[in-house]
Amino acid sequence: MAKKRELKKDIDFLVNEVISDCYTYLYLNGTKKQDQVIDLMNEVVEKRNELIYRVNHSEKKADKKQTREYFKSIFNDLLVMVDHSFSKLSELTKA
């Protein structure tokens with residue numbers, strides 16, 4: 001796994017992409033479903049804070065394999081969260 005610093009940058013980048021798309025949706029659609037989009041943005045920011053906390057407060061593992069698996073699980077959670085957020089935004093666009 002890459003450095004903690006790079007993982008935090010990846011988290012920030014992907015979360016910013018989701019938020020950017022939410023703002024684009026709000027700009028193009030006005031107040032249509034504004035509350036749902038704002039709730040989605042709040043949800044993404046909360047998850048971002050949780051992931052950053054997990055990165056910063058990782059326990060020292062004696063085994064490098066456990067440490068890699070721990071950070072890989074954080075990265076996988078990030079990808080799942082981003083995919084889920086884009087899917088929710090896409091559903092709002094369709095309706």
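Taken together, the values in this text are just the output of simple stated rules run on the coordinates, not laboratory data. What you are looking at is a predicted structure, and each value in this text was computed from that prediction instead of being measured. For neighbour counting, all protein chains shown are included, and Cβ atoms are generated from backbone atoms with ideal geometry for every residue, glycine included.
LYS4 to PHE86: FRET efficiency via 1/(1 + (r/R0)^6), r the Cβ-Cβ distance, R0 30 Å, to the nearest 0.05? My answer for the efficiency is 0.75. The 3J(HN,Hα) values that the Karplus relation (6.51, -1.76, 1.60; θ = phi - 60°) gives for the stretch 37-44 are, in residue order, 5, 5, 4, 5, 5, 5, 4, 5 Hz. Gly and Pro appear as x.
The label-point distance for GLU43 and LEU28, in a model that sets each label 7 Å from Cα toward Cβ, rounds to 2.0 nm. Our coupling estimate for the stretch 78-90, obtained by passing each phi through the Karplus curve with A = 6.51, B = -1.76, C = 1.60 and θ = phi - 60°, is 4, 5, 5, 5, 5, 4, 4, 5, 5, 5, 4, 5, 5 Hz, Gly and Pro reported as x. Remark: the chain is approximated by an ellipsoid whose semi-axes, taken from the C-alpha gyration tensor as √(5λ), come to 32, 11, 10 Å, largest first.
Do any of LYS8/LYS33; LYS33/LYS88; LYS9/LYS32; LYS4/LYS64; LYS47/LYS88; LYS4/LYS65 go past 23 Å between their Cα atoms, and which?
Working: LYS8/LYS33 31 Å; LYS33/LYS88 12 Å; LYS9/LYS32 32 Å; LYS4/LYS64 14 Å; LYS47/LYS88 15 Å; LYS4/LYS65 16 Å.
Beyond 23 Å between Cα atoms: LYS8/LYS33; LYS9/LYS32.
Taking the Cα centroid of the stretch 21-41 and of the stretch 55-71, what is the distance between the two, rounded to the nearest whole Å? The distance from the Cα centre of the stretch 21-41 to that of the stretch 55-71 comes to 37 Å. Take the Cβ-Cβ distance between SER58 and ILE19 as r, set R0 to 22 Å, and report the resulting FRET efficiency rounded to the nearest 0.05. E between SER58 and ILE19, to the nearest 0.05, is 0.30. Picking from GLN34, PHE86, PHE13, whose Cα lies most toward the positive end of the charge dipole for the chain (charges on Cβ: Lys, Arg +1; Asp, Glu -1)? Of the options given, the answer is PHE13.
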